[in-house]
Amino acid sequence: MSYAPQARPAPEDRTPRASRSLAVAVALTTALAGLTGLTGGTAAAEDRAAAAAAPDGAAGPVVDVSTAAQLRGALADAQPGLTIRLAAGEYRGSFAATRPGTAAAPITLTGPPDAVLVNDGPSGTAPSCPVPTSGWDSGYGLWLYGAPYWRLTGFTVKESKKGVVLDDSPHVTIDGLSVHHVDEEAVHFRRSSADGVLRNSTITHTGLVQAGYGEGVYIGSAGSNWACHGNQGGVDRSDRVQVLDNRIGPAVAAEHIDVKEGTFDGVIRGNTFDGTGISGANSADSWIDVKGGGYLIEGNTGTFTRPGTFANGYETHNPSTTPSFPNGCGNVWRGNRSDLGGVGAYAVKITSVSKCASAPNVVHASNTVTNARSGLTNVPVTP
């Protein structure tokens, strides 16, 4: 179901972290071997060049990096079709990508799990709304700003203010990342970063400084932040985001997934939520808080054990916004398994039926719950 587009705002500048200087060394490497004077030599050289330039299914040239300075340079110079390949090691500093890929030639940033991005910021004077600015370090582990059609695969982000932030960067795929030990949220689709995918990734230990803002995945922006992030008709339309087959928790201090008002038609499927450590700060007391509309939430497995604060597995809320939308309506739960640990009331708590009369939320009988204080849901179940 599609729509033209209580939320809590996420402050953009919070507790500073210590900055550190970095040695500067830039080296971009490409090596192609050529054969001449032999029958078929040219074709063989072309085959070897293609293999060297396009590992793991990449379609274009490859830049290998092993230092923070090399990574910053590769991000700054990235062109459609490029693959930036991280060597194992720690990359400490501010890393922002502002170059767009294309549908036919996305840009790829890839590395092994022991290639680790760390940002000791924020530092400097922040602009009124977050935008890459000379002299200001956002503190984000990795920031894509105006950078659609990227693929982020395999590496780790930790010890940063926020983990991975996408601003005005639709069609980005995040696959197989590990994001942990961050001050606030781990992954944020923001400023109309629509049609993104987060899959096969692991998120733990968020909200270390601001527990109430320690979401695992944050889709969209609170209406109170649309003045900064509402770049489509005054709204943050981070629509059609898919969150698939991830492991989120334990020690995620806020919601595992926070679906904000004004976003629509996403899919949340096949994820595993471990609610141990949910803080209760800023009303964070469920695996998922759904204020968007038309989401399909299916095939997820959620558990909760103390310590932590846990009210319900999944909740809806219906904040008013300008412009107005059917926020928190038209969502579907199907085939989810919930163990509420004897603490949570409902697996799915629908806050208002009357506000969603034209687009009701639907809870199917294929959902199951154990160890609930009240039951599966507070609304009639649909076969």
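The values are calculated or read from the model by the stated rules, or taken from the named source; none is laboratory data. Since the structure is predicted, the reported quantities are computational estimates derived from the model, not experimental observations. Here the Cβ is made from the backbone with ideal geometry for all residues, glycine too, and neighbour counts use every protein chain on show. In case anyone asks, the SASA skips ligands and DNA or RNA and just uses the protein heavy atoms, side chains included. Shrake-Rupley method; radii C 1.70, N 1.55, O 1.52, S 1.80 Å.
Points worth noting:
- Förster radius 45 Å - calculated FRET efficiency between Val332 and Ala281 (Cβ-Cβ, nearest 0.05): 0.95
- Approximating the spin labels as points 7 Å out from Cα along Cα→Cβ, the Ala104-to-Asn200 distance works out to 2.7 nm.
- Along the axis of the charge dipole computed for segment 131-287 (Cβ charges of +1 for Lys and Arg, -1 for Asp and Glu, origin at the Cα centre), the listed residues Tyr218, Asn271, Ser283 are led at the positive end by Asn271.
- Normalised by the number of residues in segment 260-303, the mean separation of alpha-carbon contacts (under 8 Å, six or more apart) gives a relative contact order of 61 percent.
- Exposure ranking of Phe325, Phe264 by accessible area [1.4 Å probe, largest first]: Phe325, Phe264
- Peptides ranked, highest mean first, by Cβ atoms within 10 Å: ranges 119-131, 308-320: 308-320, 119-131
- Across segment 252-328, the fraction of Cα-Cα pairs farther apart than 17 Å, rounded to a whole number, is 44%.
- To the nearest 10, the accessible area of Arg99 is 80 Å² with a 1.4 Å probe.
- Of Lys162/Lys291; Lys161/Lys291; Lys260/Lys349; Lys260/Lys355; Lys291/Lys349, those spanning more than 20 Å from alpha-carbon to alpha-carbon: Lys162/Lys291; Lys161/Lys291
- Straightening the chain between Arg373 and Gln242 buys 44.1 nm, computed as 0.36 nm per residue apart minus the Cα-Cα spacing.
- Of interest is the spacing of the C-alpha centroids, which for segment 177-200 and segment 59-110 amounts to 18 Å.
- For Ser354 and Ser134, a Förster radius of 56 Å and the Cβ-Cβ distance give a FRET efficiency of 0.65, rounded to the nearest 0.05.
- Segment 272-369 - Rg over Rh from alpha carbon coordinates, Kirkwood radius: 0.98
- Across segment 284-383, Cα pairs under 8 Å and at least six residues apart give a relative contact order of 29 percent.
- Two-site label geometry, Ala76 and Ala88: point separation in nm, points 7 Å out along Cα→Cβ: 3.0
- Counted over segment 163-296 with a bin width of 5 Å, the fraction of Cα pairs per bin, in whole percents, is 3, 12, 23, 25, 22, 12, 3, 0.
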